[in-house]
Amino acid sequence: QNDLRYHLERARVSFVEREFSDDHMLYLRALIHRVRVLNAENDADKAEGDQICFKMVSTIDEMKSDHSESEWSGEFMKMEAVVMYVIGLFHMNVGSEESLQEALEYFGSAIYLFTLLGDEINIISAKKNIAKIEAKFSGEEISHDEGNDLEFSKRQYKYWLGKLGEQHSITIRRGELLAHALYCSNQGVAAERLLAKMAAISRQVHGPTHNSTLSAASALKDIKERRVFIDSRKEWFHALRYENDGLSCVVKGPVVESAHGYEDHMLTLSLPIADVLPAPGTPVLCHGLSERAHLNGKIGDTRGFNGGKFEVHFEEAGLEPAIIKHENLRIVFELP
């Protein structure tokens with residue numbers, strides 16, 4: 001069955017080249033299907049795969065020359081993202097050190113484009129492949145779910161930091177993946193500080209339009225959105241700011257899986273702070289405490305909520321986690 005598909009995909013490419021030479025999207029789909037069935041360990045298939053990768057990149061470049069920047073969106077951008085991802089897979093399967101380095105670059109480009117498209121599933125797939133490649137470089141075995149593990153992400157970041165330094169694009173990507181793992185563990189303050197650092201380093205070293213800069217900046221923007229649960233509405237919103245001397249919070253929402261096209265349906269409300277509950281991992285600041293006045297002004301993140309009180313883990317070393325009443329916490333919109 002695999003042998004049959006192998007020959008069918010070759011025939012598909014020949015047919016499209018012969019009959020639909022001007023249909024770039026159809027041609028790219030045929031090339032994608034073909035390269036996916038090639039055996040990268042076979043010399044002839046590898047040579048063909050290299051040619052196909054070149055053809056796909058050239059076709060994307062030709063399509064971009066025929067469209068303005070504003071037109072390059074939707075299905076065109078999705079096709080470019082898929083092409084970058086598939087080329088990354090091919091180089092990953094070749095397996096040489098040079099090919100793995102190329103795979104990292106293509107997966108990085110794919111992640112940036114998938115981020116613009118809001119395609120979370122393919123973002124996760126690309127990041128898992130990056131984790132596998134970098135684990136191979138560092139000599140670590142990676143299990144099926146270890147790519148999302150916080151301790152594994154810490155080890156990987158430390159390894160690449162020591163090997164390549166903080167300015168290398170691989171280290172920056174590993175920092176972004178570590179920040180994601182921190183965020184998923186409700187360590188919002190540490191995640192945001194690390195992403196801010198990665199974005200600043202990449203912008204300074206690689207420039208504002210480099211893929212690592214754009215990816216880190218996009219992740220930082222997402223992580224800085226302060227999600228809150230509106231108790232009276234039983235819905236998630238984004239908190240924007242406080243007003244009325246901190247007695248009210250301005251929120252916008254409700255939050256949906258994809259905000260594209262929903263802007264007209266969103267509400268902006270000013271609600272009493274008792275109705276606005278920070279999501280787990282939200283950066284908060286203590287205020288108005290009398291018995292534990294030493295905690296006033298200290299920043300931490302929320303980890304648990306029960307009976308109107310939050311468990312707060314503090315950023316400052318030596319401060320133990322504490323249970324703090326909701327009214328004694330304020331969301332930190334910009335970390336100092």
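The values are calculated or read from the model by the stated rules, or taken from the named source; none is laboratory data. The shown structure was predicted, so the numbers you read here are calculated from the model rather than taken from an experiment. We place every Cβ from the backbone using ideal geometry, glycine too, and count neighbours over all the protein chains shown. What goes into the accessible areas is simple: the full protein's heavy atoms, side chains included, and nothing from ligands, DNA or RNA. Shrake-Rupley method; radii C 1.70, N 1.55, O 1.52, S 1.80 Å.
Quick notes on this one:
- Residue check, residue 274 in a helix (DSSP H, G or I) and open to solvent by less than 20 Å² (accessible area, probe 1.4 Å): no
- Of residues in the stretch 192-225 being closer than 18 Å to residue 117 by Cβ and in contact with a Pro (Cβ under 9 Å, 6 or more places away or on another chain), the one surrounded by the fewest Cβ atoms within 10 Å (Cβ to Cβ): 217
- Check on residue 55, modelled with pLDDT of 90 or more, charged (D, E, K, R), closer than 17 Å to residue 13 by Cβ and open to solvent by 60 Å² or more (accessible area, probe 1.4 Å): yes
- Evaluating residue 246 against the criteria (1) part of a loop (DSSP other than H, G, I, E, B); (2) open to solvent by less than 30 Å² (accessible area, probe 1.4 Å); (3) closer than 27 Å to residue 181 by Cβ leaves one unmet condition, (3).
- Of the helices (runs of 4 or more DSSP H) lying entirely inside the stretch 63-170, those containing at least 2 residues that are in contact with a Ser or Thr (Cβ under 6 Å, 6 or more places away or on another chain) span 75-94, 97-117, 150-164.
- For residue 41: the one exception among (1) farther than 20 Å from residue 10 by Cα; (2) modelled with pLDDT under 90: (1)
- Members of the stretch 293-307 that are more than 31 Å from the chain's Cα centre (by Cα) and either open to solvent by less than 30 Å² (accessible area, probe 1.4 Å) or farther than 19 Å from residue 246 by Cβ (or both): 294, 295, 307
- Lone unmet requirement of (1) modelled with pLDDT under 85; (2) touching a helix residue (DSSP H, G or I) at 6+ places or on another chain (Cβ under 6 Å); (3) not aromatic (Phe, Trp, Tyr) for residue 83: (1)
- When residues of the stretch 28-40 are limited to those that are surrounded by 18 or more Cβ atoms within 10 Å (Cβ to Cβ) and touching a residue at least 40 places away in the same chain (Cβ under 8 Å), the one nearest to residue 93 (Cα to Cα): 40
Matching residues to (1) touching a residue at least 12 places away in the same chain (Cβ under 8 Å); (2) under 23 Å from residue 122 (Cα atoms); (3) within 25 Å of the chain's Cα centre (by Cα):
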site	(1), (2), (3)
8	no, no, no
16	yes, no, no
42	no, no, no
57	yes, yes, yes
90	yes, yes, yes
